[in-house]
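Q: Below is the structure I would like to discuss, written out as structure tokens.
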Amino acid sequence: MKLDRILKRLKLEFLKVNLIQASLDSIILFLSINLTFFLLNIKAAAGASNLMVSATVATAAFLIDLVARARTYNVEIYEEENPELDEILRTARDNQDRNSIASQALFNDLEERAGQVSADSIIPDREIIRKVGLVGALSLVTVFSGFMNLRVPEQTAQIIPEIGGEEKKTVQDRDYQLKNASSITGEPTRIQAEARELNFDIQGSGESTERSFTFSGETGELSLESSGDRIQENRRLAEEYSLAIKDM
Amino acid sequence: MIVGSVDNAEKYRKLNDKIDDIKDEVSKVIVGQEDVVERVIASILCDGNILLESNPGMGKTKMIHTISEVIGLDFSRIQATPDLMPSDITGTHIIEETETSTDFVFQKGPIFANMVLVDEINRATPKTQSALLEAMQEKQVTVGNQSYSLDNPFFLMATQNPLEQEGTYPLPEAQQDRFMMKVKLDYPGTDEEREIVERFTSELEFSPELNQVISKPSLVKMQEFTREVPIAEDIRNRAITIVKNTRNHEDLDHGASPRASIQIILGAKARALIQGRNHVSNSDVNEMAEPILRHRIGLSFQAEKEGKQVEDIIEEITETV
């Protein structure tokens, strides 16, 4: 039973160390993803903030990492770091169901030696210091880039497309050039107008711009010809309006 | 629970002290050769037989006799010669006449002791050598159609001389496999030899008073205890891999049997106990690999031609596994 307690304690100590390691790894991942999204001005997913995406990825990585680390546990890790326990721990582990004098003597011996063993002996100091340093550096870069607004111009790119939405096409680089009217509408056709005049009133909307057109070349006449059943009636109405204006 | 554990730890400590006492007592007579003494004690703790190889005059007989005295075992010595008959070892039926009857009774041979030293075993004929097989493995001898159990504990220590090979009958592989270890004795160092000379030239008969450290029943308990020394799975697997690797090594004609795997684990447990450790270490396996494997493997013709030694190959295997 004493041996059980010792082995459980050592495993717990191992898990504690790896909890710290996995936490640091996931923090580094979170900060890295978040910083990348910010700098590249990427919207990771529609309907979710970049912070949420980073946190989700980091949490998933943390859980996977922790489980993977926990599976690597064996007492040899302690033996490597504590030469006084070399071969004793695994012998005790492999013989823990025995109750012989020699086994009991071994367990007593182990109890004495393992009393001083703690997680400190298996903490990879340098690795943890390096990771803490990296967390600090990433945090600083994140804060600095936020203040200075160091990011590429806004993009419409989206890593995770909106579910059910249409995929938006990105604008491709192309050569653009203005075309003249004739290339758009084709060659002008001559319109014949005979002794009839029409007034046009064209209303425009939108921004007011000043356009000037220059016309060069031969003087031409633009005449429009109207035809149809309502011409006589329209002429009569025009005469009436003219007379009415004259009388005013 | 706690009291019981403390008791067990105390028992273990006392056991280690006893083994230290045995070594101390033996060192009153034998100078140096700590490794050899340790291996002989390990073999005794494992209930195994041992083959000692050395040049004459190295104190093999003295060592075995001293150890048997310290452990409180009956000791007998057999000098093997080409005309030694199996019955000279096992014993024979003789006619015993009394006033009322005449019967055949079994006269026990020198094999009926706890510790038997067979000097220059390779001088005995194969027939006589094979008479020792049953004693070594089954702890019994058969004479006629009657089997007789040997005393418990029983150990057979055999010696052979590596120099004189003429007129000898090399032990067959099957018989060599019955020996748990083959231990080679080296010449002592200068200081050690000076000490030996000093001891054995100062008195007419150098025979220091030796204390019997343990009794026969205690020894049997120690043998049981040896098997309880805990070993880690990976160390056990490594020992097995070492033995397995002797079977497909290019320089070896034949590798060691599974009995070698058993003996390495047992030997490692005994060494751990002798070293005062409460668990088997890889160093125990490494130390025991050589004496346990060297007589169980055979060099290939090519390797022999290249002058390789089995010890080099064992070392190479233990280093790579």
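The values are calculated or read from the model by the stated rules, or taken from the named source; none is laboratory data. The structure presented is a predicted model; accordingly, all values stated were derived computationally and were not measured. Note that we place each Cβ from the backbone using ideal geometry, even for glycine, and neighbour counts take in every protein chain shown.
Q: Only one residue in B:Asn278, B:Asn282, B:Asn248, B:Asn237 is crowded, with 20+ Cβ neighbours inside 10 Å, farther than 21 Å from B:Glu53 by Cα and either of a type outside the set (Val, Ile, Thr) or within 14 Å of chain A (Cβ to nearest Cβ) (or both). Which one?
A: Going through B:Asn278, B:Asn282, B:Asn248, B:Asn237 in turn, the sole match is B:Asn278.
Q: I'm told A:Tyr78 meets every condition in (1) under 30 Å from A:Pro153 (Cβ atoms); (2) crowded, with 19+ Cβ neighbours inside 10 Å; (3) modelled with pLDDT under 90 except one. Can you identify the failing condition by its number?
A: Every listed condition holds for A:Tyr78 apart from (1).
Q: If you don't mind, there's one more thing I want to ask. How many residues, within the range B:291-302, are crowded, with 17+ Cβ neighbours inside 10 Å and part of a helix (DSSP H, G or I)?
A: 3
Q: While we're looking at this one, here's another question. Could you run through the range B:285-306 and say how many residues are within 27 Å of B:Lys23 (Cα to Cα) and either free of Cβ contacts under 8 Å to residues at least 24 places away in the same chain or more than 14 Å from chain A (Cβ to nearest Cβ) (or both)?
A: Number satisfying all stated conditions: 9.
Q: Just checking: which of the strands (runs of 3 or more DSSP E) contained wholly in the range B:26-129 hold 3 or more residues that are surrounded by fewer than 22 Cβ atoms within 10 Å (Cβ to Cβ) and out of contact with any His (no Cβ under 6 Å at 6 or more places or on another chain)?
A: B:75-79, B:91-97, B:102-108
Q: On to the next question. Only one of these conditions is not met by A:Thr59: (1) out of contact with any Asp or Glu (no Cβ under 6 Å at 6 or more places or on another chain); (2) within 10 Å of chain B (Cβ to nearest Cβ). Which number is it?
A: For A:Thr59, the failing item is (2).
Q: A further question on this structure: Which one of B:Glu96, B:Glu69 is touching a residue at least 12 places away in the same chain (Cβ under 8 Å) and of a type in the set (Asp, Glu)?
A: None of the other options fit; the residue is B:Glu69.
Q: Of the numbered conditions (1) touching a Lys or Arg at 6+ places or on another chain (Cβ under 9 Å); (2) closer than 30 Å to B:Ala303 by Cα; (3) hydroxyl-bearing (Ser, Thr, Tyr), B:Thr241 fails exactly one; give the number of that condition.
A: (1)
Yes or no, residue by residue, for (1) loosely packed, with under 14 Cβ neighbours inside 10 Å; (2) at pLDDT below 80; (3) touching a His at 6+ places or on another chain (Cβ under 8 Å):
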residue: A:Val67; (1), (2), (3): yes, no, no
residue: A:Asn74; (1), (2), (3): yes, no, no
residue: A:Glu84; (1), (2), (3): yes, yes, no
residue: A:Glu87; (1), (2), (3): no, no, yes
residue: A:Ser100; (1), (2), (3): no, no, no
residue: A:Val143; (1), (2), (3): yes, no, no
residue: A:Met148; (1), (2), (3): yes, no, no
residue: A:Ala157; (1), (2), (3): yes, yes, no
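Q: How many residues are assigned to a helix (DSSP H, G or I), touching a residue at least 40 places away in the same chain (Cβ under 8 Å) and not small (Gly, Ala, Ser) when one looks only at the range B:194-224?
A: Final tally of qualifying residues: 8.
Q: Considering the range A:95-135 alone, what residues qualify as being among the acidic types (Asp, Glu) and more than 14 Å from chain B (Cβ to nearest Cβ)?
A: A:Asp120, A:Asp125, A:Glu127
Q: Does A:Gln116 satisfy the condition of being under 15 Å from A:Arg5 (Cα atoms) and surrounded by 14 or more Cβ atoms within 10 Å (Cβ to Cβ)?
A: No, not satisfied.
Q: Still on this structure: Using beta carbons and a limit of 6 Å, which pairs, at least six apart or on different chains, have the first residue in the range A:52-72 and under 15 Å from A:Ile20 (Cβ atoms) and the second one polar (S, T, N, Q) and modelled with pLDDT under 90?
A: Correct list of pairs: A:Arg69/A:Asn18.
To keep it simple, each residue is scored yes or no on (1) in a helix (DSSP H, G or I); (2) under 25 Å from B:Arg13 (Cα atoms).
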| residue | (1), (2) |
| --- | --- |
| B:Thr226 | yes, yes |
| B:Ser261 | yes, no |
| B:Gly276 | no, yes |
| B:Ala289 | yes, no |
| B:Glu304 | yes, no |
